Every structure is written in structure tokens, then in C-alpha cells.
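First comes the structure, then the notes that go with it.
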């Protein structure tokens, strides 16, 4: 599993935590109402923004992440927001047996699934997702369209700034390995410092997710361009939303 511990301290600044709390609320609420979700796992919860949104909507949510550093920040964020959420430091493929058929939904957003690194671990993750869902449950996965980025040789994902920091998120595409990189630039009283945080990831596409979902035991797989599920996914869309049904 990819270790994003190195970016944990910068993550909320890089991704715009406050704006995400506001901007993602409507789409998450739509999905909760559409699928009558009362309990959910936020898989790859990072610093907890989607777990917090789900809790504020009234969903009984558990946040899970492989990074202990991310989990600690998620707990701090939940405390600041005044919500009580159970956060667990665990891998997708090794979730507790006690969670079997525990949840109405699995949310795996913000491209978190690519951290599994290998197709074998992806298949195991899909089996875990299917196991912890109740009959009729759904898994909602948000991914970048790696085929588009590679085809257009677009290495830059996003450039963002917060206070005296600039963040450049970009890919390295090799024949056998895809890497997700974050260049952190800090400007401090005329001094510029920088570091690069780099991790191998699994470039999950439709073919890969379809096979993994079948191995995992999901009945249905649908693809959309955004979380409103209003438009089907096309190869020109930057994001792919995968809806899996038990």
C-alpha cells in the first residue's frame, strides 16, 4: 500500500480542506439520499473531510486509512468540527471480520484507491468492500482518468497555493511503473525550500476495475463522469466515478 505519510502535514493546505467541506457537501448528501445510506465506510479517508461531511449529514461513518499520520489529523479535524467518528488505521484488504455486512455504502473518493499499488491488492480490496457491505449496498469510487493523462502526456495534475506554500501534483509515466509525485515549495522571508514526495501507484482504469469488481463479487458496475451520476463516463473526462452494487 502506498505510504502518503510524507504529505500528511501538508494535505489539508494542498487540497483546500475548508473549501472541500463546503463544495463536496451537496454531492455527498445527494448520494446518501439516493441510496438511503445510514452507515458508511470512508475508505482512504485521509484527513477526514468526507467522513466529517457524512457524519454531519447523519450517517454513522467509520473512516479508514493506511497512514497513521493521516488518521491522527482526521481525529483532530473531527474534534474541531464537533463530530464523533471512529477512525481506523488499516489496509483495505485486511478489514476486521466484525465489519462483515456492517455498512450500507463504501465511499472511496479523491483517487484513494490507486494506493493499493498492485492489481492483486486491488482484487483483495474489492473482496473486502463487497464483504463489509450489506445486501443491496453500494461502493462509490472516484478515480482520475489515467488513460487520458497518459494519452495526452499530461503529467501535471494540479498546482495550488496556500499561504507561503505552493504544491505541484504530477505523474511520472514509465512502461512498468506510474508514480504520483508532490513537489512542495515553501517560501519563507526570501528563502525557498522544496521537497518532492513520490509514491508508486496503480493506474486504475475501466478494464482493471471491471475485472477486480468481478473477482470481488459485485453484481453491477456503472461508470459516471461526476458524483451526481448524471452523465455517463467518457474517455475525455478527467474523473471517473465507479458505482458498484452488491
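Among residues belonging to region 34-53 that are in contact with a helix residue (DSSP H, G or I) (Cβ under 9 Å, 6 or more places away or on another chain) and either outside the structural domain of residue 229 (by TED's automatic domain parsing) or farther than 24 Å from residue 10 by Cβ (or both), point out the one that is surrounded by the most Cβ atoms within 10 Å (Cβ to Cβ).
Taking region 34-53 and keeping what is in contact with a helix residue (DSSP H, G or I) (Cβ under 9 Å, 6 or more places away or on another chain), we get 37-38, 40-53.
Subset that is either outside the structural domain of residue 229 (by TED's automatic domain parsing) or farther than 24 Å from residue 10 by Cβ (or both): 37-38, 40-41.
On the way: 37: 23, 38: 13, 40: 30, 41: 28.
Looking at the filtered set, the residue picked out is 40.
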Here the residues within region 203-219 that are closer than 19 Å to residue 237 by Cα and either touching a residue at least 60 places away in the same chain (Cβ under 8 Å) or surrounded by 16 or more Cβ atoms within 10 Å (Cβ to Cβ) (or both) are 203, 204, 205, 206, 208, 209
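Given the residues 97, 145, 111, which is the only one that is under 17 Å from the mean Cα position of the chain (by Cα) and free of Cβ contacts under 8 Å to residues at least 60 places away in the same chain? Before you say what the answer is, go through the steps one by one.
Values: 97 fails: under 17 Å from the mean Cα position of the chain (by Cα); 145 fails: free of Cβ contacts under 8 Å to residues at least 60 places away in the same chain.
One residue alone meets the criteria, 111.
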Just checking, which of 80, 102, 158 is in contact with a helix residue (DSSP H, G or I) (Cβ under 8 Å, 6 or more places away or on another chain), at pLDDT 95 or above and either assigned by TED's automatic domain parsing to the domain that holds residue 206 or within 21 Å of residue 21 (Cα to Cα) (or both)?
102
Out of all the residues in region 25-58, which are under 16 Å from the mean Cα position of the chain (by Cα) and over 13 Å from residue 107 (Cα atoms)?
25, 47
List the pairs whose first member sits in region 221-240 and is free of Cβ contacts under 8 Å to residues at least 60 places away in the same chain and at negative phi, whose second member is loosely packed, with under 15 Cβ neighbours inside 10 Å and part of a loop (DSSP other than H, G, I, E, B), and whose Cβ atoms are under 6 Å apart, counting only residues at least 6 apart or on separate chains?
225/231
Tell me which residues, restricted to region 7-24, are crowded, with 16+ Cβ neighbours inside 10 Å, out of contact with any strand residue (DSSP E or B) (no Cβ under 8 Å at 6 or more places or on another chain) and not in a loop (DSSP other than H, G, I, E, B).
8, 11, 12, 17, 20, 21
Residue list for region 25-54, filter: closer than 18 Å to residue 79 by Cα and not in a loop (DSSP other than H, G, I, E, B)
42, 49, 50, 51, 52, 53, 54
Number of the condition not met by residue 184 [criteria: (1) over 26 Å from residue 27 (Cα atoms); (2) modelled with pLDDT of 95 or more; (3) assigned to a loop (DSSP other than H, G, I, E, B)]:
(3)
Filtered residues of region 144-163 (kept if surrounded by 12 or more Cβ atoms within 10 Å (Cβ to Cβ) and more than 19 Å from residue 12 (Cα to Cα)):
144, 145, 146, 147, 148, 149, 150, 154, 155
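Would you mind finding the one in 192, 168 that is in a strand (DSSP E or B) and buried (at least 16 other Cβ atoms within 10 Å of the Cβ)?
Result: 168 is the single residue among 192, 168 that is in a strand (DSSP E or B) and buried (at least 16 other Cβ atoms within 10 Å of the Cβ).
The values are calculated or read from the model by the stated rules, or taken from the named source; none is laboratory data. Bear in mind the structure is a predicted one, so any value in this text is a computation, not a measurement. For neighbour counting, all protein chains shown are included, and Cβ atoms are generated from backbone atoms with ideal geometry for every residue, glycine included.
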